[in-house]
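Novice: Dropping a structure here in structure tokens format, bear with me for questions.
The values are calculated or read from the model by the stated rules, or taken from the named source; none is laboratory data. For clarity, every value in this text was computed on a predicted model and none was experimentally measured. Methodologically, a virtual Cβ is constructed for each residue, glycine included, from the backbone with ideal geometry; neighbour enumeration extends over all protein chains shown.
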Amino acid sequence: MKGLLLAVAGLTAAFLSSASAADKLDPSCSGCHALVKPTDTSLDRLLTRKGPDLWFAGSEFNKDWLVSWLQDPKPIHPAGYPYFKTIKKGEKNDVPDPSKITPHPKLNKADAEAAAEALMNLKAPADLVPAGAFKGDMKGARMGALAFVKFRGCVACHQGENGQGGLSGPELTDAGTRLQPDFIAAYITDPQRFDPHIWMPTSNLKDLDIQRLTAFLVQLGQGDK
Ligand code: HEC
Ligand code: HEC
């Protein structure tokens with residue numbers, strides 16, 4: 001009984017800490033970003049949201065990247081967000097229409113540091129982004145590069161090495177500085193666990209492939225900084 005009460009108290013504390021972490025962010029952030037897990041998981045919610053979900057930001061991003069990006073936000077979704085609202089017909093392919101891409105709000109250093117601190121407290125549940133999902137073997141990076149570009153077709157939607165690739169997904173050119181390795185592995189394994197309607201396909205990859213792709217992405221952007 002006592003154990004149960006303690007467990008309930010623990011859960012409540014965990015809930016309160018993520019709710020108060022969200023409270024520490026400027027109220028404007030929640031106008032465009034889900035800071036707590038949405039109860040509405042409809043396709044409509046996904047299509048009308050104004051920015052990517054941040055309720056698992058603390059398991060997704062590297063804190064140093066957050067601090068610098070929030071002060072100088074460069075596009076991550078190269079065609080704007082969501083891309084289908086900013087794309088127009090080009091001569092050969094669809095191209096982004098820059099006039100429809102609004103720049104992200106810019107924060108000063110102190111506000112960026114406070115926001116990054118609060119975002120890092122928005123952790124994903126342990127079963128969504130398991131610690132150790134990426135086993136840390138970097139030797140698979142070269143095979144991962146081939147999988148990304150050739151065998152698994154990731155490049156159709158994502159810019160990878162040298163900024164080459166599709167525009168409908170977030171750029172992964174600096175994935176290693178932006179994203180946590182365990183998040184990358186967990187996301188590739190099953191993107192629909194993060195949102196049931198997200199339009200990245202679940203490719204039913206074998207763990208070896210997931211490890212190789214993650215190793216490839218983890219080293220992107222690490223060398224030149
Ligand atoms: C007017 C809507 C809007 C507001 C207000 C806003 N954001 Fe954003 N945010 C976006 C959009 C759109 C993107 C995607 C930008 C891109 O891809 O380049 C984004 C991206 C981000 C990202 C990167 C997300 C990712 O998945 O890569 C972070 C972190 C972020 N915002 C934090 C914040 C914080 C903190 C605040 C409050 C200070 C805030 N945003 C306010 C619309 C907004
Ligand atoms: C049909 C297009 C498509 C394909 C193919 C695709 N993705 Fe994605 N991917 C997306 C979209 C869209 C998102 C972002 C979802 C969102 O906005 O929250 C995403 C998100 C990601 C993320 C998380 C990025 C972040 O900023 O949080 C990673 C990592 C990723 N994809 C890797 C891959 C890998 C590796 C492959 C190949 C096995 C792949 N993707 C294939 C569309 C695609």
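Novice: Exactly one of these conditions fails for Ala186: (1) without any contact (Cβ under 8 Å) to a residue 40 or more places away in the chain; (2) on the phi < 0 side of the Ramachandran plot; (3) more than 8 Å from ligand 2 (Cβ to nearest atom). Give me its number.
Specialist: (1)
Novice: If you don't mind, there's one more thing I want to ask. Please work out if Asn162 is in contact (Cβ under 8 Å) with a residue 24 or more places away in the chain, out of contact with any Asp or Glu (no Cβ under 6 Å at 6 or more places or on another chain) and not β-branched (Val, Ile, Thr).
Specialist: no
Novice: While we're looking at this one, here's another question. Could you tell me whether Ile198 is modelled with pLDDT of 90 or more and near ligand 2 (Cβ under 10 Å from one of its atoms)?
Specialist: no
Novice: Just checking, does region 32-44 include any residue being modelled with pLDDT of 95 or more, assigned to a helix (DSSP H, G or I) and surrounded by fewer than 16 Cβ atoms within 10 Å (Cβ to Cβ)?
Specialist: no
Novice: Residues of region 177-225 being of a type in the set (D, E, K, R) and not in a helix (DSSP H, G or I), which ones?
Specialist: Asp190, Asp195, Lys206, Asp224, Lys225
Novice: Another question about this same structure. Looking only at residues that are free of Cβ contacts under 8 Å to residues at least 24 places away in the same chain and either touching a Ser or Thr at 6+ places or on another chain (Cβ under 9 Å) or within 16 Å of ligand 1 (Cβ to nearest atom) (or both) in region 127-159, which one is nearest to Asp207 (Cα to Cα)?
Specialist: That would be Gly153.
Novice: Continuing with this model, one more query. Ala115: within 11 Å of ligand 2 (Cβ to nearest atom) and within 29 Å of Leu70 (Cα to Cα), yes or no?
Specialist: no
Novice: While we're looking at this one, here's another question. Filter region 59-84 for residues that are over 13 Å from Ala175 (Cα atoms) and touching an Asp or Glu at 6+ places or on another chain (Cβ under 7 Å); which is modelled with the lowest pLDDT?
Specialist: Checking each candidate, the answer is Pro78.
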